[in-house]
Structures are given as C-alpha cells and as structure tokens.
Amino acid sequence: MLDVFLQTLPFFAVIGLGYWAGRTGFFTREATAYLTKFVFYFALSAMLFGFSANMSLGDIFDPRAAVAYLWGCGLIYLIALSVAFARRLPLTQAAMEAHTAIIGNTGFLGVPMLVLLLGEQAAGTIILVLVIDLIVFSTLLTVIVTLSREGRLSLDLPRVIAMGLLKNPMIVAMALGLMWSATGTDLPQPVNAFMTLLGAAATPGALFAIGASLANNRAERVTVAGWLTVAKIILHPVAVAFAAFFLFNVAPYTAGVLVAASALPVAGNVYILAQHYDIAVARVSAAILISTAFSVLTLPPIIALATP
C-alpha cells in the first residue's frame, strides 16, 4: 500500500501545485479557464482518441463490467436519493446530490493517473466508466430536472441530449477513435506521433487545472458535502467492488480497475451541471474540494486492495 501511495503522491502534488498557484493569484481564474479548455478540447481528447483508435469495441465493452458498475452506481444513487428525501429536499436537489455521489473525476484524473498506475490495458475499462458516466447518468439527470421543472418530457429533449453529447469532445474523440479502429488500419505515423505528443500534455495539464480550479471552490455546506464525499470515495467503490467481485464475477484485473475508478473524487463537470441548472451549487462545489483532498488518503489503499 505504501508503494501505491508513493506512486500516487506525484499526481496529487501537481494538483497541490495548481491549487497553490490559483490560491495565491499567480494563476488567475481566466488562466485556469483557458488551461481547462486546452486540456478538455485538445490534450485529453487526443489521449482518448489515441487509446480508442488502438482498441476494438470489444476491448472497451465488457458486459459483466458494465452491469457491475451500473449496479454499484445504482445502489449508491438510491441511497443518496433516500438521504436527500429524508431531509425533505425537492427532487431536483436530491437528483443532483445522487449524481454527485457517483460521478468521479474519470476524465481529468482517472484517465491520466490510472492508466499510468495500472497499465495501458486499464484504458478500455476506464473509458467504459467514462462513457457510462457521461451518457447514462448525465442523461438521467437531464431527464429528471426537465420532468421536475416542466412537468413533462418535451419532444425536443432527445435532440437536446444528443447535441449535448456531440458537443462533448471526450465523447467525440472516443467515437472517432473507435470508428478508425473499425477500419482495421493503423494510424499513420505522423498522426499517431501528433496524438501522442498532444496527449502527453493531458496528465500534467489536467492535474494542474484540477488544483487551480479547486482554489476557487469554497467549503460551504460542509455537513452535506462531507456526506457526499463519504458516499463517493468510500461507499461507491465498496458497492462496485461487491458487484464486480461477488455478484457478476468480473475478471479480477478488470474488477480492480472498476473499483479504482469508482474511488475517484467528485468530478468537476458535476459543478458545471449544478451551475447550469442552478441546483445545489454550494454543496457540489464543497464536495469536489473535500473529496479531492481526502482522496489523497483513500485512493491508494483502495487501489492496493482492489488490484491484483
């Protein structure tokens, strides 16, 4: 476990450096926004395209892994909903808290860190988790909020959801990569070198951007944010581990990657959704900050226990 902790420490050190730069004003909000945009639209997308272009759909879609991850997410989602309803929160706020409890920072933290820690063979499972988070649960949140606010599901909703997915560069990059992979031909050497070079900027850029973004978050609504942190970085991986290892007999290595991905702190894009819908912004922001800080301690032992 100490060995895993020492391996993860440099990643969190870069996050800490970004936090310092943002907190001291050396890295302004505007600079953070542009760095995040560069990572999101270019570096991380290049990395995901490179992974996907060298995989088949079968390398990514493992039915047992998908069902196990969905089962674990579903259990924690229902628990978080129940806790919110017990506090007499409206459906929209309960759904946002449930979303916060299961959506990890797979794109900016999971892809660069877990692939380096667990090997490139982990990329397919991590991409599977990312796809489920982005497509299944983001769509579920959109449907719940729309239904709650408008009292009905409009005919325009499928178009809105589809356009939202098409505007996400990570989804587009993975889809294009798989389309290229289906041709059965290797990427031309200059294209592959370009993607590798650009994708190499994703790891340090994403980690630094996470830290700089956290500098703008405030630890408000700490009690609720603390509960959501426990749900995300402790209960979520436990639920996924139970499903993967005991219920659905997922291959040990794949199960370990699923659990490691489930132990990631709350994703920054949850805050973007909270702002977009103007729902539970303060508690989501605090949950991202607190879960990222505590994941320094929780993530290494979970990775050490879950991976063979």
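The values are calculated or read from the model by the stated rules, or taken from the named source; none is laboratory data. Predicted model, so just to flag it, every value in this text is computed and none were measured. No Cβ is skipped: glycine too gets one built from the backbone with ideal geometry, and neighbour counts run over all protein chains shown.
Quick test for you: out of L70, L89, L78, pick the one residue that is part of a loop (DSSP other than H, G, I, E, B), modelled with pLDDT of 90 or more and farther than 30 Å from M195 by Cα.
Sole residue among the options that is part of a loop (DSSP other than H, G, I, E, B), modelled with pLDDT of 90 or more and farther than 30 Å from M195 by Cα: L89.
Which residue pairs have Cβ atoms under 7 Å apart, sit 6 or more places apart or on different chains, and have a first residue in the range 111-125 that is over 18 Å from L305 (Cβ atoms) and a second that is surrounded by fewer than 20 Cβ atoms within 10 Å (Cβ to Cβ) and not hydrophobic (A, V, I, L, M, F, W, C)?
G124/D59
With the structure loaded, tell me whether T125 is of a type in the set (S, T, Y), at pLDDT 85 or above and over 12 Å from the mean Cα position of the chain (by Cα) or whether it fails that test.
yes
Going by the conditions given, is I79 buried (at least 16 other Cβ atoms within 10 Å of the Cβ), within 24 Å of F242 (Cβ to Cβ) and under 15 Å from the mean Cα position of the chain (by Cα)?
Considered against the rule, which asks whether it is buried (at least 16 other Cβ atoms within 10 Å of the Cβ), within 24 Å of F242 (Cβ to Cβ) and under 15 Å from the mean Cα position of the chain (by Cα), I79 comes out as no.
Only residues that are aromatic (F, W, Y) and part of a helix (DSSP H, G or I): list them for the range 17-37, please.
Y19, W20, Y34, listed by residue number.
Quick grid of which residues meet (1) surrounded by fewer than 19 Cβ atoms within 10 Å (Cβ to Cβ); (2) of a type outside the set (D, E); (3) without any contact (Cβ under 8 Å) to a residue 60 or more places away in the chain:
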{"position": "S138", "(1), (2), (3)": "no, yes, no"}
{"position": "E150", "(1), (2), (3)": "yes, no, yes"}
{"position": "R159", "(1), (2), (3)": "yes, yes, yes"}
{"position": "A173", "(1), (2), (3)": "no, yes, no"}
{"position": "L176", "(1), (2), (3)": "yes, yes, no"}
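Being assigned to a helix (DSSP H, G or I), crowded, with 18+ Cβ neighbours inside 10 Å and modelled with pLDDT under 90 is true for just one of V4, V14. Which residue is that?
Selected residue: V4, the only one of V4, V14 that is assigned to a helix (DSSP H, G or I), crowded, with 18+ Cβ neighbours inside 10 Å and modelled with pLDDT under 90.
Can you tell me which residue among A65, A101, A94 is more than 30 Å from A201 (Cα to Cα), in contact with a helix residue (DSSP H, G or I) (Cβ under 7 Å, 6 or more places away or on another chain) and assigned to a helix (DSSP H, G or I)?
A94
Only helices (runs of 4 or more DSSP H) wholly contained in the range 193-308 count here; list those with 3 or more residues that are buried (at least 19 other Cβ atoms within 10 Å of the Cβ), modelled with pLDDT of 90 or more and hydroxyl-bearing (S, T, Y).
Output list reads 281-306.
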